[in-house]
């Protein structure tokens, strides 16, 4: 049985939100779900676990810049997609407020 380790509520995101590397504009994936402490994305390439990423979250109405720590990465073979989970380690107060608004 898998033990749930999240300390905050997460919410699926049905809109369009691209996750890109802030320095290179490299597309890491699309947002699947988000909480005030982390997020999950789906993409087409594996990402380095325990690697820090400076990313831009491109919502329709807002661009957020966040520091992320990749905690896990899992490939789903039949679909040729990769899910990755991140902890948010650096975020501006206004951007955190935006995420909290998405959760309510």
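Residue 2: modelled with pLDDT of 95 or more, over 16 Å from residue 100 (Cβ atoms) and out of contact with any helix residue (DSSP H, G or I) (no Cβ under 6 Å at 6 or more places or on another chain), yes or no? I'd like the intermediate steps shown before the answer.
Details: modelled with pLDDT of 95 or more: no; over 16 Å from residue 100 (Cβ atoms): yes; out of contact with any helix residue (DSSP H, G or I) (no Cβ under 6 Å at 6 or more places or on another chain): yes.
Against the criterion (modelled with pLDDT of 95 or more, over 16 Å from residue 100 (Cβ atoms) and out of contact with any helix residue (DSSP H, G or I) (no Cβ under 6 Å at 6 or more places or on another chain)), residue 2 does not qualify.
Please list, ordered by first then second residue, the pairs with beta carbon atoms under 6 Å, 6 or more apart or interchain, first in the stretch 18-29 and on the phi > 0 side of the Ramachandran plot, second at pLDDT 95 or above and assigned to a strand (DSSP E or B).
From residues that are on the phi > 0 side of the Ramachandran plot, the pairs are 29/19; 29/41; 29/42; 29/43.
Would you be able to tell me the number of residues in the stretch 64-102 that are without any contact (Cβ under 8 Å) to a residue 40 or more places away in the chain, in a strand (DSSP E or B) and in contact with a strand residue (DSSP E or B) (Cβ under 6 Å, 6 or more places away or on another chain)?
The qualifying residues number 15.
For residue 80, all conditions in the list (1) modelled with pLDDT under 95; (2) under 17 Å from residue 20 (Cα atoms) hold save one; what is the number of the exception?
(2) is the only condition that residue 80 fails.
Could you list all residues from the stretch 21-35 that are buried (at least 17 other Cβ atoms within 10 Å of the Cβ) and either over 13 Å from residue 82 (Cα atoms) or in contact with a helix residue (DSSP H, G or I) (Cβ under 7 Å, 6 or more places away or on another chain) (or both)?
34, 35
When the stretch 49-62 is examined, which residues are found to be within 17 Å of residue 33 (Cα to Cα) and surrounded by 13 or more Cβ atoms within 10 Å (Cβ to Cβ)?
Our first condition is that a residue be within 17 Å of residue 33 (Cα to Cα); within the stretch 49-62, this holds for 55-60, 62.
Of everything in the stretch 49-62, those that are within 17 Å of residue 33 (Cα to Cα) and surrounded by 13 or more Cβ atoms within 10 Å (Cβ to Cβ) turn out to be 55, 56, 57, 58, 59, 62.
The values are calculated or read from the model by the stated rules, or taken from the named source; none is laboratory data. Keep in mind that this is a model prediction, so the values were computed, not measured. Every residue, glycine among them, receives a Cβ derived from its backbone with ideal geometry; neighbour counts consider all protein chains shown.
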